[in-house]
Amino acid sequence: MVSTIQVIRKKAKSGKVADPLAKQKLVWTIGHFLTITCGLIFSITYFFHVLIFFKYRSWKWLFLRVNKNYVFFTGAKWYNKLLKWTPQILYRFALIGVIMANGITMYQNWSHLNPTWFDLLAAENFQSLAIAGLWLIGGGKSFYRLLPFMILSYMHLTNRKHEFTSDDKKIDEQKSIDNKHLLHIVAYSEIIVIMALILDTLLMKNGSAGFLLVAYSSIYWLRLNFSSYAQVTVLRILDKFGKHVPAKYREKWDSIRNFLYGKIKERSDRRKKVLRK
């Protein structure tokens, strides 16, 4: 008798197939909520710590030098240790939220394309990822480092219905215009971070301050080349202090202003081309 092959058809498993886009939206939303929630709670602990600066800073050094041996929670029990590390944990979870949200955005923007390094470096999401990664591995913690991420997360969450359903550039532009004051706060916070890093480097606060300054300055240079709110804010500062610049430095001062004006014009021209399509 000739043997035959019996074809066995497996029954399809009942149940809904997971929607990858829905998972991405969930991770994106959780990331932004994590940034805002952990960032706000960390901010409370940060400003409380600022209010008691006289306890851990030496007046002999005009309160610029920190007493690293000072401990607010002195108990040896587990909850004292947990309270001691809570600000650091909150700070890092806020940064993890930034990486989650911006990572999803980067994936959605570039997953079906083959971006060049120039494309990635010009993308503000990539710059935010780089900054968040820098703060995550670089040590230290500051309210001003988290503030830009918290504001941007707030803007994204308030506009999430459009971001989930539409890709209209005009709506994105209008949203940026409506939140221009928040974007200026973001830009000023980034400048404050640079100033703080310069001060930390001069005071030799820790071994990583100089590295963080160089790395962050490199990323901020990308901001000045590709981020409109950073360009406009720095231009405002230059115009405000321009009249106090000595004559011998006027040429260099004007060259910086002209550079920023040129970048703003380039971005405006590109925007007009995109909106015409």
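Each reported figure results from applying straightforward, stated rules to the coordinates on display, with no laboratory input. Treat the numbers as computed from the prediction; the structure is a model and nothing was measured. Virtual Cβ from ideal backbone geometry, glycine too; neighbours counted across all protein chains shown.
Values for this structure:
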| item | result |
| --- | --- |
| Spin-label model distance (nm) - residue 112 vs residue 40, 7 Å beyond Cα toward Cβ | 3.6 |
| Protection proxy ranking of 134-146, 239-251, 195-207, 26-38 - average other beta-carbon atoms within 10 Å, highest first | 26-38, 134-146, 195-207, 239-251 |
| Relative packing of peptides 225-237, 175-187 - highest average C-beta neighbours within 10 Å first | 225-237, 175-187 |
| Relative pair counts by distance (%), Cα atoms of segment 187-277, 10 Å bins | 15, 35, 34, 13, 3, 0 |
